[in-house]
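Okay, so here's the structure we're looking at.
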Amino acid sequence: MASEIIALIPARAGSKRLRNKNIKKLNGHPLIAYTINVAKKSKIFKNIFCITDSKRYQKIAKLYGTDKMELRPKKISLSNSPDIEWLTWAIKKLEYNNINFKYFAILRPTSPFRSKSMIKNAYKIFLKSKNADSIRAVELTKVHPGKIWKKKKGYIFPLLKKRINRIPWHSMQYAVLPKFYSQNASLEISSLRSYKKYKSISGKKIIPYITKSFEGFDINSSLDFEMAKVIMGKSKKYKINKL
């Protein structure tokens with residue numbers, strides 16, 4: 001398995017909500033280090049690449065053990081740049097440099113609490129499903145779509161006009177509503193074949209990997225970062241050995 005899959009860690013500089021979040025120090029190490037560390041501990045990846053537009057980020061990633069990769073162009077590293085742009089660029093570069101792989105995992109540095117067993121289990125599930133294009137980490141949505149409203153002409157209307165026994169979803173207890181899942185940033189695994197066929201990351205047949213506990217926790221704001229400090233302080237399993 002190890003010779004067939006690579007890890008891609010996208011780390012664009014210039015985040016607005018939390019400045020330099022990908023390298024912000026968490027328990028003495030830059031945030032990106034936790035993703036690199038767990039990718040290495042999983043021992044399933046042929047190569048681990050940091051896809052960044054920053055020389056500073058590139059240097060830090062290399063220090064923690066990523067493989068050599070040139071800088072991502074600034075024109076595809078904007079705040080509104082879709083992921084498919086950097087992925088397409090990265091795949092072209094890797095193929096040009098004769099890096100052979102059948103599958104790729106996208107591990108975003110804003111999720112520091114994924115485990116090596118999570119990565120390994122997701123990969124095994126994906127390989128067992130012969131027809132799947134990808135597997136994606138999801139979790140039960142914290143805000144049910146049945147309780148979301150839209151505003152129009154001074155009034156609000158339910159996004160979904162669904163009912164159970166004539167009672168609208170927005171007036172029901174969560175326990176009786178259908179389950180919905182939201183994606184999180186912790187893990188995506190896809191096949192190169194699927195990417196080339198559909199020109200997309202996920203393809204059409206997507207397996208869910210339901211994350212547990214803090215595996216899908218995503219850091220995008222100062223509040224998220226403060227919460228991550230608390231989580232990190234309560235467990236030693238996220239510890240990174242000093243360089």
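The values are calculated or read from the model by the stated rules, or taken from the named source; none is laboratory data. Values in this document were obtained by computation on a predicted structure and should not be read as measured data. In this analysis, Cβ positions are derived from the backbone assuming ideal geometry, glycine residues included, and neighbour counts consider all displayed protein chains. Surface accessibility is based on the protein's heavy atoms, side chains included, excluding ligands, DNA and RNA. Shrake-Rupley method; radii C 1.70, N 1.55, O 1.52, S 1.80 Å.
Whole number please: convex hull volume per residue of the Cα set in segment 144-210, in Å³?
Numbers: hull volume 10.4 nm³, N = 67.
Convex hull volume per residue, Cα atoms: 156 Å³.
Please report, to one decimal in angstroms, the Kirkwood hydrodynamic radius of segment 9-87 built from all distinct Cα-Cα pairs. Intermediate results must be reported in sequence, preceding the final value.
Working: mean 1/r = 0.0770 Å⁻¹.
One over the average 1/r among Cα pairs gives 13.0 Å for segment 9-87.
For segment 62-142, the spread of Cα positions along the three principal axes, ordered from largest to smallest, is 35, 34, 29 Å. Farthest toward the positive end of the dipole of the chain, out of PRO145, LEU63, TYR181, is the Cα of PRO145, where the dipole comes from beta carbon charges about the Cα centre.
In the assembled protein chains, HIS170 presents an accessible area of approximately 60 Å² (probe radius 1.4 Å). Accessible surface comparison of ILE60, ILE32, probe 1.4 Å, protein chains only, largest first: the order is ILE60, ILE32.
What net charge is computed for the residues neighbouring GLU85, neighbours being all others with C-beta under 12 Å from the C-beta of GLU85, Lys and Arg scored +1, Asp and Glu -1?
Values: positive: ARG12, ARG72, LYS74, LYS75, LYS92, LYS199; negative: ASP53, ASP83.
Charge balance in the 12 Å sphere: +4.
What does DSSP give for the chain in terms of the percent of beta bridges that are antiparallel, rounded to the nearest 5?
On the way: 18 of 32 bridges.
In the chain, DSSP labels about 55 percent of beta bridges as antiparallel.
What the phi angles of segment 192-202 give under the Karplus curve with 6.51, -1.76 and 1.60, with θ = phi - 60°, is a coupling list of 5, 4, 5, 4, 5, 6, 9, 6, 9, 6, 8 Hz, glycine and proline written as x. Applying 0.36 nm per residue to the separation of ILE125 and LYS234 and subtracting their alpha-carbon distance, the gain on full extension is 36.2 nm. Let a ≥ b ≥ c be the square roots of the eigenvalues of the Cα gyration tensor of segment 52-108; is it rounded (a/c under 1.5), or, if not, prolate (a/b larger than b/c) or oblate? It is oblate, given that a/c is not under 1.5 and a/b is not larger than b/c. Shown here: Cα extents along the principal axes in Å, derived from the displayed model; of the candidates (1) 56, 48, 40; (2) 54, 38, 34; (3) 60, 41, 36, it corresponds to (3).
Relative to its Kirkwood radius, the Cα radius of gyration of segment 1-140 gives an Rg/Rh of 0.94.
Here the 3J(HN,Hα) profile of segment 76-89, calculated from phi with Karplus coefficients 6.51, -1.76 and 1.60 at θ = phi - 60°, is 10, 10, 8, 5, 10, 6, x, 4, 4, 5, 5, 5, 4, 4 Hz, Gly and Pro shown as x.
Among the chymotrypsin sites (Phe, Trp or Tyr not before Pro) in segment 152-243, which ones are in a DSSP loop with at most 15 other Cβ atoms within 10 Å of the Cβ? Mind listing them? Counting only loop positions with at most 15 other Cβ atoms within 10 Å, the chymotrypsin sites (Phe, Trp or Tyr not before Pro) in segment 152-243 are PHE180.
Across segment 112-243, Cα-Cα distances exceeding 20 Å account for 62% of all pairs.
Any idea what angle helix 116-128 forms with the longest principal axis of the chain, computed on alpha-carbon atoms, 0 to 90 degrees, nearest 10? Between the helix axis and the principal axis of the chain, the angle is about 80 degrees.
Computed about the Cα centre, the dipole magnitude for the chain is approximately 380 debye when only Lys and Arg (+1) and Asp and Glu (-1) carry charge, each at its Cβ.
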